[in-house]
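Trainee: Can you keep this structure in mind? I'll have questions shortly.
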Amino acid sequence: MAKEFALIGCGNMGGAIARGIVGAGLIAPEDIVVSDVSQAAQERLAGELGCAGTCDNVEAVRGAKMVLIAVKPQYLDGVVSAFADAVDDEAIVVSIAAGVSIERLEGLLGSSRKIVRVMPNLAATVRAAMSSLSPNANVSEDEVAQVKSIFDALGRAEVVPEHLIDAVIAVSGSSPAYVCVFIEALADAAVAEGMPRAQAYTFAEQAVMGTAKYLLETGTHPAVLKDMVSSPAGTTIEAVAALEAGGLRATVIDAARAAAARNRAM
Ligand SMILES: NC(=O)c1ccc[n+]([C@@H]2O[C@H](COP(=O)([O-])OP(=O)(O)OC[C@H]3O[C@@H](n4cnc5c(N)ncnc54)[C@H](OP(=O)(O)O)[C@@H]3O)[C@@H](O)[C@H]2O)c1
């Protein structure tokens, strides 16, 4: 079998990543093998991508230059220890399992292995993820760049030291939920003003996406954009004043830091 890239776990994230790799032309389907405990899951993904599929993780990782682990954290120890000896010494092992440290992965694979811990978020499924990459000391800069190119193809990726993982969880890992609360509230306001519900969600979602896109693409500071759109005695500054009176800024900081604290405690 010996394929360049082996995916272990063909669920939501594993599937999204493999689709991103093939969609961006980073690795040819014939150089990919996908593996899952579920025959149906691996066959579905392999069929969709035109790559090889198997239920045998050991067979999948043997000879691979990169192994991506995308199983749930509670299965990780059992899954990795079962195939660890079959992984090539020079292979890069990438894990996206939440809460699983590099130290734990080194314990399972051996401390001389090349390991990259990655934390993507749900938006990987629509190629708009924000992912953090934390390599161990055995991974070269070129190898980090190789892994980064995969996660850049799924949105954006940044290399961060592993100790910042709690900040990553706070600002991107958990944040889709808080952004959804904001979108819901915005849509509720439009509904209260008479807009049909479905249309209100479309307006709110596009407004949030468009603002983020504008900031990312122009490099404008958020405070500058806020000032730009807040005309003297206009509508927007009234809303900004109400947000400040309601303590939105402090609430968001507290919420995101609560997510970080929870991650530290886990
Ligand atoms: N979803 C997110 O937003 C997100 C964000 C960041 C990180 N992550 C991380 O991504 C990883 C995958 O999450 P997910 O949401 O993609 O989970 P998922 O949809 O449940 O996918 C995991 C897949 O692995 C399969 N699997 C279980 N045991 C296996 C084994 N021994 N060998 C091969 N495959 C096996 C599962 O099969 P069965 O369903 O049959 O058990 C399932 O198809 C997790 O570690 C999670 O922490 C997820």
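The values are calculated or read from the model by the stated rules, or taken from the named source; none is laboratory data. These numbers come from a predicted model, not from an experiment. Reconstructed Cβ throughout: ideal geometry from the backbone, glycine too, with neighbour counts over all protein chains shown. SASA here: full protein model, heavy atoms, side chains in, ligands and nucleic acids out. Shrake-Rupley method; radii C 1.70, N 1.55, O 1.52, S 1.80 Å.
Trainee: Springs between alpha-carbon pairs under 10 angstrom, Gaussian network model over the chain: which of Val67, Val208, Val159 fluctuates most?
Mentor: It is Val208.
Trainee: So, R0 is 25 Å and r is the distance between the beta-carbons of Ala28 and Arg127; what FRET efficiency does that work out to, to 0.05?
Mentor: 0.85
Trainee: Over region 1-123, what percent of the accessible surface lies on carbon and sulfur atoms, probe 1.4 Å?
Mentor: Taking all protein chains in place, region 1-123 shows 47 percent carbon and sulfur surface.
Trainee: On to the next question. By DSSP, what percent of the beta bridges with both residues in region 5-162 are antiparallel, rounded to the nearest 5?
Mentor: If we restrict to bridges inside region 5-162, about 15 percent are antiparallel.
Trainee: Contact order normalised by length for region 84-126, with contacts defined as Cα pairs under 8 Å and 6 or more residues apart; what percent is it?
Mentor: Computed value for region 84-126: 47 percent relative contact order.
Trainee: Roughly how many whole Å is it from the C-alpha centroid of region 235-266 to that of region 170-208?
Mentor: Distance between centres, Cα-based: 16 Å.
Trainee: If the cut-off is a Cα-Cα distance under 24 Å, which lysines reach Lys226, setting aside same-chain residues fewer than 8 apart in sequence?
Mentor: Lys213
Trainee: Then there is this: Tell me the mean residue ellipticity at 222 nm calculated for the chain from its helices only (DSSP H runs of n ≥ 4, each -39500 (n - 2.57), averaged over every residue, nearest 500). It would help to have the intermediate numbers written out before the result.
Mentor: Working: 12 runs with 140 residues, N = 266.
About -16000 deg cm²/dmol.
Trainee: Could you tell me the relative contact order of the chain? Use alpha-carbon pairs under 8 Å, at least six residues apart, and round to a whole percent.
Mentor: So the answer I get is 13 percent.
Trainee: Any idea of the accessible area per residue across region 5-162, 1.4 Å probe, to the nearest Å²?
Mentor: It amounts to 42 Å² per residue over region 5-162.
Trainee: Moving to a separate point now. Using alpha carbons only, how many degrees (0 to 90, rounded to 10) separate the axis of helix 235-245 from the longest principal axis of the chain?
Mentor: 70
Trainee: All other residues with a Cβ under 12 Å from the Cβ of Ala187 taken together, and with Lys, Arg as +1 and Asp, Glu as -1, what is their net charge?
Mentor: Values: positive: Arg197; negative: Glu184, Asp188, Glu193, Glu205.
The answer is -3.
Trainee: Still on this structure, I have one more. Could you tell me the center-to-center distance, by alpha carbons, between region 1-70 and region 92-157 in angstrom?
Mentor: That distance is 16 Å.
Trainee: Oh, and also: Whenever you get a sec, compute what percent of the accessible area on region 165-204 sits on carbon and sulfur atoms (1.4 Å probe). Please report the intermediate quantities before stating the final value.
Mentor: Details: 1600 of 2270 Å².
Whole-percent figure for carbon plus sulfur exposure: 71.
Trainee: Would you mind telling me which residue in Asp152, Asp85, Asp188 has the biggest mean-square fluctuation in a Gaussian network model of the chain, where springs connect alpha carbons within a distance under 10 angstrom?
Mentor: For the chain, modelled as a Gaussian network with Cα springs under 10 Å, the answer is Asp188.
Trainee: Hey, another quick one. Over region 8-113, calculate the relative contact order: mean separation of alpha carbon pairs under 8 Å at least 6 apart, over the residue count, as a percent.
Mentor: Details: 151 pairs, mean separation 25.7, N = 106.
This gives 24 percent for region 8-113.
Trainee: Right, next: How far apart, in nm, are the 7 Å Cα→Cβ label points at Ser101 and Val240?
Mentor: Output for this residue pair reads 4.3 nm.
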